[in-house]
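Here is the structure we will look at.
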Amino acid sequence: MMGSMASEETRTTMTSPAIRRSTESTAPGTPATRAWTTRLVVVGIVLTALNLRPAITSLGALLEEVRDGLGMSGSVAGLLTSVPPLCFAVFGVTAPRLARRFGPAAVVCAGMVAITTGLALRPYIGGTAGFLAASALALMGIAVSNVLMPVIVKRWFPDRVGSMTGLYSMALALGTSTAAAVTVPMTGALGGDWQSGLVVWAGLAAAAVLPWIALVRTRGAVSRPDDRAPAASGSTRHEPDGLRITRSRTAWALAVFFGLQATAAYITMGWMAQIFRDAGVAAGTAGLLLAVTMVMGVPLAFVIPRLATRLPHQEPIVVALGVCGLAGYAGLYLAPAAGAWAWALLLGVSNCAFPLALTMVGMRARTGAGVAKLSAFAQSTGYLLSIPGPLLVGVLYQHSGGWGLPLAMMAALMIPQIGVGILAGRDRTVEDEAAG
């Protein structure tokens, strides 16, 4: 992509100044237009990332009110908490095929529309079935956008994968923590109606549609930037269907790493506040501790990807994050109330395996098509693996009457997470492994 852009700039500089000035405002290949579209891509990435978790965390904050309002049973509520990773696994795998046909920008635009529509409908559609269907629509939009964000970063910022992934991850963490922290007080300010507290997030999703509409209308330049000019002499075009991703050991290691870190994250989001409450911590303080854990991802999500891209392999980061997780789980078992703030901070650091996984997706493939396939495979497989975790924690907690067994299970899962993370962090690409 960068070679094509460079060749275009060379041809532009050979043109007379008068011609350049006359076409600068209209020709899609001019530097001025490319600079404008690049800035618009950055805005689109940030707004999209802000919308990839509020649909989940806003519902978690009001789950009790939603259950009462819809007459939802406990088992259905448990199913509702497992819907996000299931949708991410099922719908995320379709993203590369859709992107090849319509372009990544168009698919992300459609994803933002789906999120907006689902969030706007689900509080008022009526009944549990309608609520689940509207939630699934929003999650479908999140799923395809999840997969395509690394693809867009790789295509538009191939020399800044770390910093752009960090910006995207930081915005995602900010959206996650903000929705968790402000949904309840905002609901109170809007009159205490849970429908109002949920529907307000559709406005943020609607704002994210706008830059992608503008980008799709830019004469296709954004959807397929690497197709705007002929390939450089001697280069090889990698066809999207030529990569057999399942033949790559790194792809499998990254998929399992993604699944184990997602398991830890969903368990933390779903159960950590309850662990603190059962230890005698006040409900308000327990919620604040969870918010602290979530907000830790905001600064670290920017730092970790930048650091990862400067290392030949990512083993030190994988091990450091895993050790923080083990220490946090041990603290929750030994002194959950006395060291609550320390354990919340440690688990917040450990949960930053997510931006690391996203960064490795961009680093472990050379081409845009490779990133698309690796992102879809790692995320879909990973989210599928993460589905049983939160449910199993609930079963162990219910049958054992305490948090000893669930915490032991969470700590045990951290060991293979470190192992597969080390394998995924090796300096190699899935294209080379699949070809070999």
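A few remarks follow.
- Helices (runs of 4 or more DSSP H) contained entirely in region 42-141, each with at least 1 residues that are touching a residue at least 24 places away in the same chain (Cβ under 8 Å), more than 23 Å from LEU174 (Cβ to Cβ) and among the hydrophobic types (A, V, I, L, M, F, W, C): 63-70, 74-92, 95-102, 104-121
- Scanning region 174-200 for residues that are open to solvent by less than 30 Å² (accessible area, probe 1.4 Å) and within 21 Å of the chain's Cα centre (by Cα) returns GLY175, THR176, SER177, ALA179, THR183, LEU198.
- Criterion applied to ARG97, ARG155 was being surrounded by fewer than 19 Cβ atoms within 10 Å (Cβ to Cβ), more than 30 Å from LEU345 (Cα to Cα), of a type outside the set (Gly, Ala, Ser) and over 15 Å from the mean Cα position of the chain (by Cα), and the one residue passing it is ARG97.
- If you go through region 405-416 and keep only what is closer than 19 Å to PHE276 by Cα and open to solvent by 30 Å² or more (accessible area, probe 1.4 Å), you end up with LEU405, ALA408, MET409.
- Qualifying positions in region 281-298 - more than 13 Å from LEU332 (Cβ to Cβ) and surrounded by fewer than 23 Cβ atoms within 10 Å (Cβ to Cβ): ALA282, ALA283, GLY284, THR285, GLY287, LEU288, ALA291, VAL292, VAL295, MET296, VAL298
- Selection of region 327-373 for residues being in contact with a Pro (Cβ under 9 Å, 6 or more places away or on another chain), part of a helix (DSSP H, G or I) and hydroxyl-bearing (Ser, Thr, Tyr) yields only THR359.
- Qualifying residue in region 380-390 (condition: of a type in the set (A, V, I, L, M, F, W, C), part of a loop (DSSP other than H, G, I, E, B) and at pLDDT below 90): yes
- Apart from one condition, THR116 fits all of (1) modelled with pLDDT under 90; (2) farther than 25 Å from PHE258 by Cβ; (3) open to solvent by 20 Å² or more (accessible area, probe 1.4 Å); the exception is (1).
- ARG364 of a type in the set (Lys, Arg) and either free of Cβ contacts under 8 Å to residues at least 12 places away in the same chain or open to solvent by 20 Å² or more (accessible area, probe 1.4 Å) (or both): no
- Among residues that are surrounded by fewer than 17 Cβ atoms within 10 Å (Cβ to Cβ) and touching an Asp or Glu at 6+ places or on another chain (Cβ under 6 Å), ARG426 is not included.
- Top-ranked residue of region 272-322 - restricted to ones that are in a helix (DSSP H, G or I) and polar (S, T, N, Q), ranked as farthest from GLY389 (Cα to Cα): THR309
- Pair list, Cβ under 8 Å, 6 or more apart: region 324-340 residue farther than 13 Å from GLY280 by Cβ and β-branched (Val, Ile, Thr), other residue open to solvent by 30 Å² or more (accessible area, probe 1.4 Å) and modelled with pLDDT under 95: none
- The listed residue being open to solvent by less than 40 Å² (accessible area, probe 1.4 Å), charged (D, E, K, R) and assigned to a helix (DSSP H, G or I), out of ARG34, ARG39: ARG34
The values are calculated or read from the model by the stated rules, or taken from the named source; none is laboratory data. Please read all numbers here as calculations on a predicted model, not as lab measurements. Please note: Cβ atoms are built from the backbone with ideal geometry, for glycine as well, and neighbour counts cover all protein chains shown. Ligands, DNA and RNA are excluded from the accessible area calculation, which covers all protein heavy atoms including side chains. Shrake-Rupley method; radii C 1.70, N 1.55, O 1.52, S 1.80 Å.
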